[in-house]
Amino acid sequence: MTETILSVRDLRVTFETPDGPVSAVRGVNLDLKSGETLAIVGESGSGKSQTTMAMMGLLAANGRADGSVTYRGREILNIGERALNGIRGKKITMIFQEPMTSLDPLYRIGRQLAEPLRYHAGLSARAARPRILELLRLVGIPDPERRINSYPHELSGGQRQRVMIAMALANDPDILIADEPTTALDVTIQAQILELLADLQKRLGMAIVFITHDLGIVRRFADHVAVMRYGEVVEDGAAEALFAAPKHPYTQMLLDAEPEGRKEPPAEDAPALLTGDDVRVTFHLGGGLLAKPTPLHAVKGISVSLHEGQTIGVVGESGSGKSTLGRALLRLTESTGRVAWLGKELPEGIDAMRPYRRELQLVFQDPFGSLSPRMTVGQIITEGLLIHEPTLSRKDRARRADEALAEVGLDPSMRNRYPHEFSGGQRQRIAIARTMILRPRVIVLDEPTSALDRSVQKQIVTLLRDLQAKHSLSYVFISHDLSVVRALSDHIIVMKAGEIVEQGPTDAVFDAPRQDYTRALMAAALSTTRFRTAS
C-alpha cells in the first residue's frame, strides 16, 4: 500500500485586514501519497495558493494558520523557523507563481541556483557549477554556459519560471509543490516542462502538489484532484473519475470554461495610431575589464502598424522577443528604427515621453512585481491620476477607483487591502484596472491573462472587447495562449528569435498557417484545448 507522506487536517487560514478578518482557507483536508500527483484547482481567490503557503510556513505577517499538517508523521504547521528550514528547500520545495519577485534582481542566476545546493548539500560554488548547468539544461534554458551568468531581468518570463523550477529540483526533493509553474510558458514549453516533471517524478519517486487553474494540464498530469472554491474543497477524487463524471456544478463550470467569440473588426478607414519601422533591440550581456560584452539581438528589424480600434496579437515561444517588441513600441527600452505616434516620431527619454504616457499604457506580465507592496490597492490604482489628472478631488479619485475595480470584476470595498492579500489572478486584474482608469488610446497587454483561470479569462476578454468598442481602444496583445489571442485579435504576428516568421488576419493564420513553426504552435495549442474540453 502506498504510504501517505503529507496529511492536512482542518487547515484554516485567516488574514487580519483593516476591514476585519478574512477567511482564506476553511477546514481543508488533503492527503498526498508517495509518488502521487495531487492537483489543487479552482478559480483565483479560491484558497489554492494560501493552502500550500500555510503548509510551508510562508504566510504573510498578517496571516494565521490553524489545524494540522504532518510530513511523514511529523507535525510541521507552525513549528519553529530553524526546524522548518531543515525540511523546506530540501524535503519539500516549492515553485512560486511569480518568478520575478522570487529571484533576487541583484544576483546572477548561477549564484541563486547555488544557494540551495550550498545550504542543504554543503557544496562549494565550484562544486555546484556542474549541477547548476545540468539543471538549466533539464528545464530547457538555451546556452546554459552563458545564461548561468545572466541576471533575472535578462531572461524572458518563461525562462525565469524555468530557473525557479531548476532551483526547486536542485536537491531532489521528496515533495514538490508547484504553484502555477507553467503559467508564464508558451504551449510548447509547457508540454516540455510537464514531461520533465513527470520524468523526474518517476525517476526520483517524488510526490507533487500541483496548483493550477488549467484543467487541461490537470487531466494530463494528475492522479488525484481537489477542487477548491471560497477556501473549501467542494469536490475531490481520482482525476479520471472526476473528469468523466464531475458531481459539483462548480467543477462542471470549470470544465466548460473557454474564451469564445470574436471582436468586431476596426473600421476600414481607421487611422494608424502607433507605427514602428525597422525596429531593432540589442542587449549587451556580460563583459568586463578583459572581456567584450556579448550582443543579444532580441528584435530584428520589425515593422508594424496599429490602427484605431484594432488588436494585434503577438505570439511565439518564450524568448522570441514578444515582450521586448511591445516595450520598444512604447519607448520603454532602447531601440533603433522609427516609432511614431499619429505620424510623429516619438522621443526617447523618461521626461520627453511623459506627455505621451497617458495615451500609451502597458499592462505588465508579472503583476506582483509591478504593484507596490507598501501601497493599498486604491492608492495603486489612482497613482496615475495624481500625475495625469492632478486637479481631480480625492472624492473623484475614489469614485474612479471604485468604477475601475468593478469593471475588472473586483469588489470596490477591497481598495483598502494590500497586494499580498490577493491571489495572483486578482493582482493581475488590479494591474489592468490601474491602466484602464487613465482611459488610454493604446495599451500593450503583456500576457495579461497568464495568471487567470479560464472562467476569469473569459470575463477579461469580454471586458477588453467592451472597453475597446466603447472607447475605440487599440491593443497590442502579447500572449502564448492562442485561444485567448484568437478571441481578441484582428491581426496576428508570429515571432521567433526576434523576427516575424508569419503574420496576417487572425482567421487566416489560425486556419491555414504557412510556416512550420506556426503550425507547431497551433498543434500544441489544439492538443491543450482537447485536454480542456474532453468530457
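The values are calculated or read from the model by the stated rules, or taken from the named source; none is laboratory data. All figures in this text were calculated on a predicted structure; none of them were measured in a lab. So basically every Cβ, Gly included, is an ideal-geometry build from the backbone, and we count neighbours across all protein chains shown. SASA here: full protein model, heavy atoms, side chains in, ligands and nucleic acids out. Shrake-Rupley method; radii C 1.70, N 1.55, O 1.52, S 1.80 Å.
The table below lists the values:
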| item | result |
| --- | --- |
| Residue among Gly158, Gly140 that is among the small types (Gly, Ala, Ser), at pLDDT below 90, under 21 Å from Val187 (Cα atoms) and outside any helix (DSSP H, G or I) | Gly140 |
| Wholly enclosed strands (runs of 3 or more DSSP E) of segment 266-336 bearing at least 1 residues out of contact with any Leu (no Cβ under 8 Å at 6 or more places or on another chain), open to solvent by 20 Å² or more (accessible area, probe 1.4 Å) and modelled with pLDDT of 95 or more | 272-285, 294-307 |
| Neighbours by Cβ (under 7 Å, 6+ apart or cross-chain): first from segment 313-334, free of Cβ contacts under 8 Å to residues at least 60 places away in the same chain and under 15 Å from Thr518 (Cα atoms); second outside any strand (DSSP E or B) and among the acidic types (Asp, Glu) | none |
| Filter result (of a type in the set (Lys, Arg) and either modelled with pLDDT of 90 or more or touching a helix residue (DSSP H, G or I) at 6+ places or on another chain (Cβ under 9 Å) (or both)) within segment 53-87 | Arg64, Arg72, Arg74 |
| Within segment 186-264, strands (runs of 3 or more DSSP E) holding 1 or more residues that are touching an Asp or Glu at 6+ places or on another chain (Cβ under 9 Å), open to solvent by 20 Å² or more (accessible area, probe 1.4 Å) and closer than 27 Å to Arg9 by Cα | 224-229, 232-238 |
| Residues of segment 464-485 that turn out to be within 19 Å of the chain's Cα centre (by Cα) and modelled with pLDDT under 90, as a count | 7 |
| Hey, Thr14 β-branched (Val, Ile, Thr), modelled with pLDDT under 95 and either touching a Cys at 6+ places or on another chain (Cβ under 8 Å) or at negative phi (or both) or not | no |
| Spans of helices (runs of 4 or more DSSP H) in segment 395-491 with at least 3 residues open to solvent by less than 30 Å² (accessible area, probe 1.4 Å) and in contact with a Leu (Cβ under 7 Å, 6 or more places away or on another chain) | 424-436, 454-471 |
| Checking Pro18 against (1) in contact (Cβ under 8 Å) with a residue 60 or more places away in the chain; (2) within 30 Å of Arg203 (Cα to Cα), the condition it does not meet | (2) |
